[in-house]
Every structure is written in C-alpha cells, then in structure tokens.
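A.B. asks: Got a structure for you, questions after.
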Amino acid sequence: MTLVRTRFAPSPTGFMHVGGVRTALFAWFLARQAGSNGAFILRIEDTDKSREVEGSIAQIEQSLRWLGIHWDEGVDVGGPHTPYLQSERLELYKTWAQKLIDSGRAYADPYTPEELDAFREQAKAEKRPFLFRDHRPEHPPIWDGTQPLRFKSDPKPYAWTDAVMGKLSTGPDAIDDFILIKSDGFPTYNFCHIVDDAEMGITHVLRSQEFVSSTPKFLNLYEALGLEPPILATLPFVMAIDGKKKLGKRDGAKDILEYATEGYLPEAMVNFLATLGWNDGTEQEVFTVHELIEKFSLDRVQKSPARFDEQRLLWLNGQHIRSLSVDELYPRTRDFWTDAALNAGEDERKNVLALVQDRLKTLADLPVLSGYFFEEPTPNWGMVRENKQLSKLSTEEVSGLLRAAHEAFSATEDFTAEALQEVLNELLETTGQKPGILFSLIRLAVSWAPFSPALNETLAVLGKDTVLARIQTSVQSL
Ligand code: GLU
C-alpha cells in the first residue's frame, strides 16, 4: 500500500479558527484512512517572528487535542524529522539554499528598499506589472546572509491538477524571482515549506485557497530542486453565512476552544467541520468520527466556498448529545453543573442528566434546565399570570388544585415515574381539569422553571419530600 503522510503546518499567529481546524481535520482523515501506512504531522511554521503571538503554539495543540486530532509526529511528540519547529531548522534551509546557489538558481539581492521602490514606480509609470526578474543584477554579490537570497525563476506556463479544484493552469507571468531567505536569516514560507514537505516525505499538501495563486511559483521551485511535487489540494474559504465575505470575527470566526467552554462536544464540532464543504454524496448529516474517516475523500470536497452556519452546529451538537448514553455523557458535563448540583450526589446528577439530556443543545444549558433539582426555587407567580391558560384561574382555583395534588402525592407510597403517571391521571379525573392546566400548574409549583421534562419523571427524580414541601411553599406564597 502507498504511504499517506499529511501535515498541518500552522503559523503561531493567534488562536485556531474553524477554517484552520478544518484543514487539519481533512489532512488527519486522509492519514487515518491509510491505517498503519498513514501519518499525520504537526509542524509549526514560525519563520515570521513579527507576526507571532505568544501562547499560540500551546493553543493550537490544545485545540487539536480537544477535537481528538492526534498527531503521530511533530512538535511536542517528536519523530524522525525533529525539530518540527521551523525556527529550529534554519541550518537545514541554508543547506538547501546552497544547493540552489550552486546550481545557479539563487542569487543575493543587492538592492536597497529605495531602489526596489524606484523599480516599482517605474513599472507603474510604464503601466506594466512589476517583476523582479526584469531587474536581475548582472553580477550579484556573493551571498553572505545579510542580503535577501532570491530564487532565479524559470518563467513558463504550468498546467496541474489540484485534488479539489481540478485542472488549473497559469501563464509565465505568474512566476517571478521570489525571496528564499530574508536578510534576517529566516526563510520565507514559499521556500521552507517546500524543503520541509520534501524532508518529511509529505505526500498530500492540503491548504487554504489563499495559497493557490502561489502554486506556479512552488512548481517552479520543485523543478529547480529536482523534486516531485506532492498531491496538492486546495480547500475553499469558509464564508460567513450570507456567503458574501470570508468568515470574520463578527460572524463567528472565533477561537475553536471557545466552543468547548460553550458546551459543544468535540465530536459535534468534528462532524460540523467535516461537512463544511464536504458531503458523502447522500443526505446523511450526522456522522461519527469513524464514519468520517472511512468516507472522507478529497474529490467530494466542494470547489466553492463553504458557509459557516452556527445554527447547524447547534443542531448537530444536540444530535450528538442525544446519541450518547447517560454514562458516556456524564463525564463530559463536569464543568457545567452549578455548585449546588456539585454538592449533591453523583447518582442524583446522573438521574437529572438522564431527564434533561434530550433537551440539551449544549452542555451549558445544564444549569438552566437542571437548577431546580438541586436548589429550592423561589415561587414566581408572574409565570402563572403570563401563561395563557393558567392566567384564567382564580387564586382559589389555583390553591384548590395544588392542595388536591398535595393530598394525592402524600397518599402515594410508590413514588416512581410509572406510579406517578397513574396518580396524575386520577387527579385529572377528580379535578375535571385538562392536562394543559393541571400539569402546567404542578410543574411550575415544583420547579418555577420555564420548562421541565415529563412531569411524572420530574416528580420522581425530585422525590416525595421535596415535591410535597415545594407545593406547600407555593401554596403558602399565594
Ligand atoms: N503556515 C501556513 C499558514 O498557517 C500554512 C500553509 C500550508 O499549510 O502550507 O497559513
């Protein structure tokens, strides 16, 4: 079987947002699909020190780990191509640069910034594009590392196949002499990613659309280095929901780890990201990670930009929450309970979780949906007045119904959900009320919450003593 070695190569310039993580995810799928013939590598591209944001490497690692995207080689875990931090690989880039100098394909750039500006101005005045290769020095100085080192390009047309975008082609104008190593000694992305991909045996390069216009330059450099290019796959941008602009901070381009604090499950996020511009050709929307690894293919990634729809993420999250058993879900809820809930027993929390699980859209809904199971609610008769049906009852009627309920529950020995359903049905008969009135009233009297799960189940989990005490408090507060 052929090897599949993919990499994620972020620059540590800030937090990870959906677009970046999706690139990592697709590359990881390909590697995992290949089983023991696959490897996923995490390389950090930190050669632009001016853009670096402190703490971003740790944040990148944490984001990937949260999503379960584990890397086989790379920063932190090591591997045969250590170091995986580009700033620690500068000697290697110099060796490769020397190969280009020796073969006459790189030269020291002798110009000052002012001279370069003058060339640009001149091109502008003559209404032609500025190309560095029009100004190649006849006798370049020996490169001593203080000048930028430029690639001596070989401009020509290219036609290539992108695994997502299909057939692409460009003319010779797309190719110019670009900088390989800057005067600060750091290589450019254009140069060092090619060196590293070759050194690390990368077979598939997946990256965002912003790099597609540079591909002819890369192809030219591969040729000069005598390298076979890897499979190139361009992932379209992720756009805001209106499809008009690239996803910006205001439309939800936020740190992926914020979703963890907001109560999203990583598997829902993986499902969401995977289906952002990819589908398996069927109507299926909810996928497990295993299914995604099995089904993912680059040729089904759509060519047009994907739209970021946070409502869809919310929906998927609910689906994934429901697909877990209570025992599977429970360990995930640790950070979301109120203090009162945490003071209660684990069994109690699990029972409540079982009741509210179906209503959770995110784990952060837990306090609102479960608060009254652990803390005495304060009667709020405004909720009765605002209820269309309940507002029609007089105070005497309300009090009479609650007293009847109190009496019935007091007489109930078996406080299980099944037995309570019968008690409630009998109460409907004896009071002659509709469920919409009687049950809503009892529900409020024991919870004072805007919604709760099925009444009989809620009562059973609260327990007889609590139910009786709360009804009494409610009646007294009337
Ligand atoms: N360092 C580049 C970035 O963060 C990665 C591009 C690539 O994957 O080659 O955008």
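The values are calculated or read from the model by the stated rules, or taken from the named source; none is laboratory data. For clarity, every value in this text was computed on a predicted model and none was experimentally measured. Methodologically, a virtual Cβ is constructed for each residue, glycine included, from the backbone with ideal geometry; neighbour enumeration extends over all protein chains shown. Side chains included, ligands, DNA and RNA excluded: accessible areas come from the protein's heavy atoms. Shrake-Rupley method; radii C 1.70, N 1.55, O 1.52, S 1.80 Å.
A.B. asks: What accessible area per residue comes out for the chain, rounded to a whole number of Å², with a 1.4 Å probe? Before the final figure, lay out the partial values.
C.D. replies: Numbers: 22770 Å² over 478 residues.
Averaged over the residues of the chain, the accessible area is 48 Å².
A.B. asks: In whole angstrom, how far apart do the alpha carbon centroids of the range 57-118 and the range 444-478 sit?
C.D. replies: Cα centres, the range 57-118 to the range 444-478: 63 Å.
A.B. asks: Okay, next question. Grab the other residues whose beta carbon is less than 15 angstrom from that of MET383, score K and R as +1, D and E as -1, and report the net.
C.D. replies: Numbers: positive: ARG385, LYS388, LYS392, ARG443, ARG470; negative: GLU386.
Net charge in that neighbourhood comes out at +4.
A.B. asks: Using modelled backbone amide H atoms (1.01 Å from N, in-plane), which distant-in-sequence or interchain residues come within less than 5 Å of LEU235's amide H?
C.D. replies: Counting only residues 5 or more places away or on other chains, the set is ARG207, SER208, GLN209.
A.B. asks: As an exercise, take the mean of 1/r over every pair of distinct alpha carbons in the range 88-213, invert it, and state the Kirkwood radius in angstroms. Mind dumping the intermediate values first?
C.D. replies: Working: mean 1/r = 0.0612 Å⁻¹.
Over the range 88-213, the inverse of the mean reciprocal pair distance is 16.3 Å.
A.B. asks: Exactly which GluC sites (Glu not before Pro) in the range 265-367 are in a DSSP loop and have at most 12 other Cβ atoms within 10 Å? Show your work: numbers first, answer last.
C.D. replies: Numbers: sites: GLU267, GLU283, GLU285, GLU291, GLU294, GLU310, GLU328, GLU346, GLU348; in loops: GLU283, GLU285.
The qualifying sites are GLU283.
A.B. asks: Right, here's the next one. Taking θ as phi - 60°, what are the ³J(HN,Hα) couplings along the range 27-44 by the Karplus curve (6.51, -1.76, 1.60), each to the nearest whole Hz, with x for Gly and Pro?
C.D. replies: 5, 5, 3, 4, 5, 5, 4, 7, x, 6, 8, x, 8, 10, 10, 10, 10, 9
A.B. asks: A further question follows. Which distance in Å, rounded to a whole number, links the C-alpha centroids of the range 186-240 and the range 349-408?
C.D. replies: Here the two parts' Cα centres lie 59 Å apart.
A.B. asks: HN-Hα J couplings of the range 126-142 from phi, Karplus 6.51/-1.76/1.60, θ = phi - 60°, integer Hz, Gly and Pro as x?
C.D. replies: Values per residue, Gly and Pro as x: 8, 6, 10, x, 7, 10, 5, 5, 6, 10, 4, x, 5, 10, x, x, 5 Hz.
A.B. asks: Turning to a different aspect of this structure: Run lengths n ≥ 4 of DSSP H only: what is the helix-derived mean residue ellipticity at 222 nm for the chain, with -39500 (n - 2.57) per run over all residues, to the nearest 500? Don't skip to the end; give the middle numbers.
C.D. replies: On the way: 20 runs with 209 residues, N = 478.
The helix contribution divided over the chain gives -13000 deg cm²/dmol.
A.B. asks: Oh, and also: How large is ³J(HN,Hα), in whole Hz, for each residue of the range 374-388 in order, when computed from phi with the Karplus curve 6.51 cos²θ - 1.76 cosθ + 1.60 and θ = phi - 60°, using x for Gly and Pro?
C.D. replies: 10, 9, 5, x, 9, x, 9, 5, x, 5, 6, 5, 7, 8, 3
A.B. asks: Please report the Cα spread of the range 201-253 along all three principal axes, rounded to whole Å, starting with the longest.
C.D. replies: Result for the range 201-253: principal-axis Cα extents of 45, 19, 15 Å.
A.B. asks: What part of the accessible area of the range 170-293, given as a whole %, is carbon or sulfur when the probe is 1.4 angstrom?
C.D. replies: Details: 2510 of 4730 Å².
Carbon with sulfur: 53 percent of the solvent-accessible area.
A.B. asks: Quick one: which residues, 5 or more positions from GLN433 or on another chain, have an amide H under 5 Å from its amide H? H modelled 1.01 Å from N in the peptide plane, none for Pro or chain starts.
C.D. replies: none
A.B. asks: Give me the percent of accessible area attributable to carbon and sulfur for the range 1-131, probe 1.4 angstrom.
C.D. replies: Working: 3280 of 6180 Å².
Of all accessible area on the range 1-131, carbon and sulfur atoms account for 53 percent.
A.B. asks: Still on this structure, I have one more. Starting from the eigenvalues of the Cα gyration tensor, five times each then square-rooted, give me the equivalent ellipsoid semi-axes of the chain, largest first, whole Å.
C.D. replies: Numbers: eigenvalues 836, 92, 77 Å².
Those come to 65, 21, 20 Å.
A.B. asks: Given H placed 1.01 Å from N in the peptide plane, which residues other than close sequence neighbours of VAL4 have an amide H under 5 Å from its amide H?
C.D. replies: Result for VAL4 returns GLY38, ALA39.
A.B. asks: Here is a further query. Looking at the calculated P(r) for the range 214-357, what percent of the C-alpha pair distances fall above 24 Å? Can you show the working numbers first?
C.D. replies: Working: 5121 of 10296 pairs.
Considering the range 214-357, 50 percent of its Cα-Cα pairs are separated by more than 24 Å.
A.B. asks: For the range 237-369, give the magnitude of the charge dipole about the Cα centre (Cβ charges: +1 Lys/Arg, -1 Asp/Glu; no others), in debye to the nearest 20. It would help to have the intermediate numbers written out before the result.
C.D. replies: Numbers: 18 positive and 23 negative charges, 144 e Å.
Computed about the Cα centre, the dipole is about 700 debye.
A.B. asks: In addition: What are the radius of gyration and Dmax of the range 54-107, computed over its Cα atoms and given in Å?
C.D. replies: 15.9, 47
A.B. asks: Would you mind checking the radius of gyration and Dmax of the range 329-478 based on alpha-carbon positions, in Å?
C.D. replies: Answer for the range 329-478, Rg first and Dmax second: 15.3, 46 Å.
A.B. asks: Quick check: convex hull over the Cα atoms of the range 11-74, volume per residue in Å³, rounded to an integer? Don't skip to the end; give the middle numbers.
C.D. replies: Values: hull volume 5.0 nm³, N = 64.
Hull volume normalised by residue count: 79 Å³.
A.B. asks: LYS350: which lysines have alpha carbons under 19 Å from its alpha carbon, excluding same-chain residues fewer than 8 sequence positions away?
C.D. replies: The reachable lysines, counting only those whose Cα sits under 19 Å from LYS350, are LYS361, LYS464.
A.B. asks: Can you return the lysines within cross-link range of LYS182? Criterion is Cα-Cα under 26 Å, with same-chain partners fewer than 8 residues away left out.
C.D. replies: LYS49, LYS94, LYS99, LYS124, LYS152, LYS156, LYS217
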